[in-house]
1. Hey, what did the chain get for relative contact order, percent, Cα under 8 Å, at least 6 apart?
2. Simple spin-label model, 7 Å along Cα-to-Cβ: Ala84 to Asp262 in nm?
3. Taking every alpha carbon pair in region 1-144, what does the distance histogram look like in 10 angstrom bins from 0, in percent?
4. Contact order normalised by length for region 2-84, with contacts defined as Cα pairs under 8 Å and 6 or more residues apart; what percent is it?
5. Roughly how many Å is it from the Cα centre of region 141-202 to that of region 42-104, as a whole number?
6. Determine the alpha carbon to alpha carbon distance for each of Lys44/Lys201; Lys164/Lys237; Lys44/Lys85; Lys164/Lys201; Lys158/Lys179 and list only those over 19 Å.
7. For the chain, find the longest principal axis of its Cα atoms and tell me its angle to the long axis of helix 58-67, 0 to 90°, nearest 10.
8. Note down the magnitude of the dipole of region 103-173 about its Cα centre, charges +1 on Lys and Arg C-beta and -1 on Asp and Glu C-beta and zero elsewhere, to the nearest 20 debye.
Amino acid sequence: MQSIHQMPRETARSIRWILTDIDDTMTMHGKLVSEAYATLCALKASGLRVIAVTGRSAGWGEVHLQEWPIDAVITENGAVSYFAKDGQVATLAHPSAVRNTDGAFARAAASAYAAVSRARPARDNHFRLYDYAVDHSEYVTPPLSEAEVNEIIRIFEKEGCVAKPSSIHINCWIGSFNKRESALALLREVEGYDDAQDRSKVLYIGDALNDEVMFEYFPNACAVANVDLWIDRMASKPAWVSSARYGAGFAEIGGFILSARD
């Protein structure tokens, strides 16, 4: 990883799309960082297309789209996306996504909570449509150990689920989607994106293991500095990194991109 400030100015000027994670990328300790939100507003005002890509629930994502200066939001690690169309909110659900009412989720959750007694259901699960999330550090203190997280992942995988840790939750789903696949689908369908021509024009910002597919795919993927909490478990690392942590790191990255456009 190189400092974001080492990115060539011409590369920064070529960026057309800002895709960003939310938790621990724009927030810190669960709260949106003021300079991160100010930078988000400035990125949108500059003419860049801005898309949030989050493991958070569909319900939260629809609110973000309507209240934040963003063009679209991909939620539940790619299960369902929302975007503005003709003054309305349009929906794009991944065709392989299985609703979280499927019995596999209940069986896995019961086994996981029996095996790791300190684990808790994520508080936003009732806003989720496809994903089921287990809290490993948002409201669990001290956070679950790596061994406990891995045991929960093993249990959900045994039931046929994909299970990926974010910085706060273990997100579990059934389907062939992830952040990358759904980001590409949304970009193609809504943004007129051509992967062969446009991949280097996407700047992704993230921080955790469920962002790794984006770090691997997009040559101008970035991380905020608190990626150091997860970097040893990543096979694919982002090209660029901020010096600041959490939402201040998002503001640093976004500010650099804006400065190149002046």
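1. 26 percent
2. 2.7 nm
3. Once binned at 10 Å, the Cα pair distances of region 1-144 give 10, 33, 32, 19, 6, 0.
4. Worked out over region 2-84, it gives 24 percent.
5. 14 Å
6. Lys164/Lys201; Lys158/Lys179
7. With both axes taken from Cα atoms, the answer is about 30 degrees.
8. Dipole of region 103-173, to the nearest 20 debye: 140 debye.
Each reported figure results from applying straightforward, stated rules to the coordinates on display, with no laboratory input. Only a predicted model underlies this, so the values are computations on that prediction, with no experimental measurement involved. So basically every Cβ, Gly included, is an ideal-geometry build from the backbone, and we count neighbours across all protein chains shown.
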